[in-house]
Amino acid sequence: ANLADHEFPMKPWRDEGLPGWAKLSFFELAVLTALPWLVGVLMSYLFASTYHDMPVSVWLVALALFAACLWHARHEPGTHHWHSVLPISCMAGVAVSCILGLVAYRNFYSIYWLYHDSHAYANVLPSEPAAGYLDAGKLVFAEEAHIDARRGMGFKDGSTYCVAPIVDAATSSVQFWAAGVNCCSRGNFECDDAWDEKAHAGLVLRQHSWHPQYALAVKQAAAAFGLATAKNPIFVEWVVDPEKVEMNYWMLGNGILIGSCLISLVISALVNVVLLRFTAPPEAQAFATRP
């Protein structure tokens, strides 16, 4: 018998007799993977660029995307099966990007915008009244300003909350205190850039990093070393370059959102594989497992 007279069973990719699930083209697979990822990229961008000024608008966009996905999921009989998988992948992309976007904003972007939008003062004398700088976000002190690390003090409350006076030759009452956590002992202060002689600046500690234990540490230092201090002193993170520290918060937030985009891409691919495999019509599953 001639080989040409025999028919060999094959598993064609685009056989017209196969159900829609088994006939996905490479374009359809690309759409299933890329569209949810692009949705995640869009939400990540909005959290980085818009959430600070218009948080309600960002959440409205997220809700609109969810609504669009739910509307698309209402496929009618005869519609390609992958049309029901796509909205689920998109909703997963929106959810992941919103969760990680919120984490990035609360931990990094909010701090960046706090310092970016607040006042910066230069050539500040430690002997000046702290009340004149209550709206400050960044302070660059005069060259003669330094930390008196020998009068550093820590208040132990689980963690050690550390303070040290910022002084110059004319300081009679301490107006500014360098502060940090778990970086000091009595008569010693090593927080942030306290070791660097080039450091003459500070980021004012606001609600994200200020602890009431700092005020208790000041009272303790004043009693131990006989210091006079302002009723409402300003606490700072002692650094060499406050602008660089501010930008670091921006970069860390970007790192989380870039990771969010990569995670969205992986989740999109995994969701598609799982849903296309386990929610396919019975005849498609039987075809996929046929030897």
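The values are calculated or read from the model by the stated rules, or taken from the named source; none is laboratory data. Computed from a prediction, not measured in an experiment: that's the story for all the values here. Glycine gets a Cβ as well: all are built from the backbone with ideal geometry, and neighbour counts include every protein chain shown. Areas reflect the complete protein model, heavy atoms only, side chains present, ligands, DNA and RNA absent. Shrake-Rupley method; radii C 1.70, N 1.55, O 1.52, S 1.80 Å.
Just a few scattered comments:
- Each residue in segment 175-189 was checked for being in contact with a helix residue (DSSP H, G or I) (Cβ under 8 Å, 6 or more places away or on another chain) and crowded, with 16+ Cβ neighbours inside 10 Å, and 6 pass.
- So Leu114, is it crowded, with 18+ Cβ neighbours inside 10 Å, under 24 Å from Ala142 (Cα atoms), among the hydrophobic types (A, V, I, L, M, F, W, C) and under 21 Å from the mean Cα position of the chain (by Cα): yes
- Filter result for Asp148 (under 20 Å from Ala228 (Cβ atoms) and among the acidic types (Asp, Glu)): yes
- Matching residues in segment 113-123 - criterion: being within 27 Å of Leu252 (Cβ to Cβ) and not in a helix (DSSP H, G or I): Ser118, His119, Ala120, Tyr121, Ala122
- Going through (1) under 30 Å from Val41 (Cβ atoms); (2) in a loop (DSSP other than H, G, I, E, B); (3) acidic (Asp, Glu) one by one, Asp196 falls short only on (1).
- Among the residues making up segment 39-61, a single one is open to solvent by 30 Å² or more (accessible area, probe 1.4 Å), under 20 Å from Gly255 (Cα atoms) and among the β-branched types (Val, Ile, Thr): Val41.
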